[in-house]
Amino acid sequence: EAGVTQFPSHSVIEKGQTVTLRCDPISGHDNLYWYRRVMGKEIKFLLHFVKESKQDESGMPNNRFLAERTGGTYSTLKVQPAELEDSGVYFCASSQDRSGYHEQFFGPGTRLTVL
Amino acid sequence: AQSVSQHNHHVILSEAASLELGCNYSYGGTVNLFWYVQYPGQHLQLLLKYFSGDPLVKGIKGFEAEFIKSKFSFNLRKPSVQWSDTAEYFCAVRTTSGTYKYIFGTGTRLKVLA
């Protein structure tokens, strides 16, 4: 079974540019989460999808961040325009459901550097 | 607000030494508890989890953790570490309602000297 995949693994952009990160969850997992780790700090929740619907966007930093999950499959996270403080590692995770004994499975992360 | 504290940011041990990584959380309700590990160049992997029942939980690779409700703690232990345990370790709490998002600690970088 393939795990959670993310693309690209690294991205270096200049301030003001746009970047789109992609996450492919484990097949059949309805729940998809985005997290971000700024250097030296904790991994922080950004948002949660159930299928194509956003369930919780409380962690999104501001309106420069836009997440979508077309057809309830893969998800994209767009940052437009990027700022220096957006640098960090963006993790995607998926789970079979939210409750019970199902943990979240994480992707390898996308390291974003904004210059 | 809910939070997770990992007291040790960097730990250096020799092989065969015992390991204990501290994790405390602040949340008054029912939680699920997790330890994840990220080996160099790899993704986050689940080491162990606690949902209910026996507060002493055994995970993969000889790791265990003990949930002490009165102390809001979930410390990770391993009696004898190996060089291959060099990694970053994350404690996480998940609420049992709402979105079930994880709240992570800042992580502990463990380096095991051969």
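Just checking, which of B:3, B:26, B:18 is over 13 Å from the mean Cα position of the chain (by Cα) and closer than 20 Å to residue A:36 by Cα? Please lay out each step first, then the result.
Details: B:26 fails: closer than 20 Å to residue A:36 by Cα; B:18 fails: closer than 20 Å to residue A:36 by Cα.
After applying the criteria, what remains is B:3.
Inspect region A:80-100 for any residue being on the phi > 0 side of the Ramachandran plot, in a strand (DSSP E or B) and not β-branched (Val, Ile, Thr) and give the result as yes or no.
Here is the first cut: in region A:80-100, the ones on the phi > 0 side of the Ramachandran plot are A:88, A:100.
Imposing the further condition that a residue be in a strand (DSSP E or B) reduces the set to A:88.
If we keep only those that are not β-branched (Val, Ile, Thr) as well, we get A:88.
Yes, the conditions are met somewhere in region A:80-100.
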Checklist outcome for this item: Over region B:14-45, the set of residues over 18 Å from residue B:68 (Cβ atoms) and either without any contact (Cβ under 8 Å) to a residue 12 or more places away in the chain or surrounded by fewer than 19 Cβ atoms within 10 Å (Cβ to Cβ) (or both) is B:14, B:15, B:16, B:17, B:18, B:39, B:40, B:41, B:42, B:43, B:45
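Does region B:69-102 hold any residues that are among the hydroxyl-bearing types (Ser, Thr, Tyr) and in a loop (DSSP other than H, G, I, E, B), and which are they? Can you show your working first?
Initially, region B:69-102 is screened for residues among the hydroxyl-bearing types (Ser, Thr, Tyr), giving B:70, B:73, B:80, B:84, B:86, B:89, B:95-97, B:99-100, B:102.
Passing the criteria: B:80, B:86, B:96, B:97, B:99, B:100.
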Checklist entry - Can you find a residue in region B:102-113 that is more than 30 Å from residue A:58 (Cβ to Cβ), touching a helix residue (DSSP H, G or I) at 6+ places or on another chain (Cβ under 8 Å) and β-branched (Val, Ile, Thr)? => result yes
Item to check | Counted residues, region A:2-17 - those being part of a loop (DSSP other than H, G, I, E, B) and at negative phi | outcome: 8
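Limited to region B:100-114, what total is found for residues that are within 14 Å of another protein chain (Cβ to nearest Cβ) and within 16 Å of the chain's Cα centre (by Cα)? Don't jump to the end; show me each part of the working.
At the first step, the residues of region B:100-114 found to be within 14 Å of another protein chain (Cβ to nearest Cβ) are B:100-109.
Right, trim to within 16 Å of the chain's Cα centre (by Cα) and you get B:102-109.
Qualifying residue count for the region: 8.
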Item to check | Single residue of A:43, A:26 found to be of a type in the set (A, V, I, L, M), out of contact with any Leu (no Cβ under 9 Å at 6 or more places or on another chain), touching a residue at least 12 places away in the same chain (Cβ under 8 Å) and surrounded by 15 or more Cβ atoms within 10 Å (Cβ to Cβ) | outcome: A:26
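Residues checked against (1) farther than 27 Å from residue A:95 by Cβ; (2) within 14 Å of chain A (Cβ to nearest Cβ); (3) at pLDDT below 95; (4) in contact with a helix residue (DSSP H, G or I) (Cβ under 6 Å, 6 or more places away or on another chain):
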{"position": "B:7", "(1), (2), (3), (4)": "yes, yes, yes, no"}
{"position": "B:23", "(1), (2), (3), (4)": "no, yes, no, no"}
{"position": "B:35", "(1), (2), (3), (4)": "no, yes, no, no"}
{"position": "B:78", "(1), (2), (3), (4)": "no, no, no, yes"}
{"position": "B:81", "(1), (2), (3), (4)": "yes, no, no, no"}
{"position": "B:86", "(1), (2), (3), (4)": "yes, no, no, no"}
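Taking the stated definitions as given, is residue A:61 in contact (Cβ under 8 Å) with a residue 60 or more places away in the chain, surrounded by fewer than 16 Cβ atoms within 10 Å (Cβ to Cβ) and either away from chain B (no Cβ under 14 Å) or of a type in the set (Phe, Trp, Tyr) (or both)?
Values: in contact (Cβ under 8 Å) with a residue 60 or more places away in the chain: no; surrounded by fewer than 16 Cβ atoms within 10 Å (Cβ to Cβ): yes; either away from chain B (no Cβ under 14 Å) or of a type in the set (Phe, Trp, Tyr) (or both): yes.
No; evaluated as a whole, the condition is false for this residue.
Is it true that some residue in region A:8-18 is buried (at least 20 other Cβ atoms within 10 Å of the Cβ) and touching a residue at least 24 places away in the same chain (Cβ under 8 Å)?
Taking region A:8-18 as the starting set, the residues that turn out to be buried (at least 20 other Cβ atoms within 10 Å of the Cβ) are none.
Scanning region A:8-18 turns up no residue that is buried (at least 20 other Cβ atoms within 10 Å of the Cβ) and touching a residue at least 24 places away in the same chain (Cβ under 8 Å).
Any residue that is within 13 Å of another protein chain (Cβ to nearest Cβ), touching an Asp or Glu at 6+ places or on another chain (Cβ under 7 Å) and closer than 18 Å to residue A:104 by Cα - is there at least one of those in region A:48-55? Lay out the reasoning, then the answer.
Keep residues of region A:48-55 that are within 13 Å of another protein chain (Cβ to nearest Cβ), which gives A:48-50, A:53-55.
With the extra rule that they be touching an Asp or Glu at 6+ places or on another chain (Cβ under 7 Å), the set shrinks to A:48, A:50.
Next, only the ones that are closer than 18 Å to residue A:104 by Cα stay: A:48, A:50.
Yes, region A:48-55 contains a residue that is within 13 Å of another protein chain (Cβ to nearest Cβ), touching an Asp or Glu at 6+ places or on another chain (Cβ under 7 Å) and closer than 18 Å to residue A:104 by Cα.
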Checklist outcome for this item: Given the conditions (1) at pLDDT 95 or above; (2) more than 10 Å from the chain's Cα centre (by Cα), every one holds for residue B:97 apart from (1)
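Just checking, how many residues over region A:28-47 are part of a strand (DSSP E or B), closer than 18 Å to residue B:3 by Cβ and more than 7 Å from chain B (Cβ to nearest Cβ)?
Filtering region A:28-47 for residues part of a strand (DSSP E or B) gives A:31-37, A:43-47.
Now restrict to residues that are closer than 18 Å to residue B:3 by Cβ: A:35-37, A:43-46.
Still in the running and more than 7 Å from chain B (Cβ to nearest Cβ): A:35-37, A:44, A:46.
Matching residues across region A:28-47 total 5.
The values are calculated or read from the model by the stated rules, or taken from the named source; none is laboratory data. Predicted model only: the values in this text are computed from it and were never measured. Backbone-built Cβ (ideal geometry, glycine too); neighbour counts: all protein chains shown.
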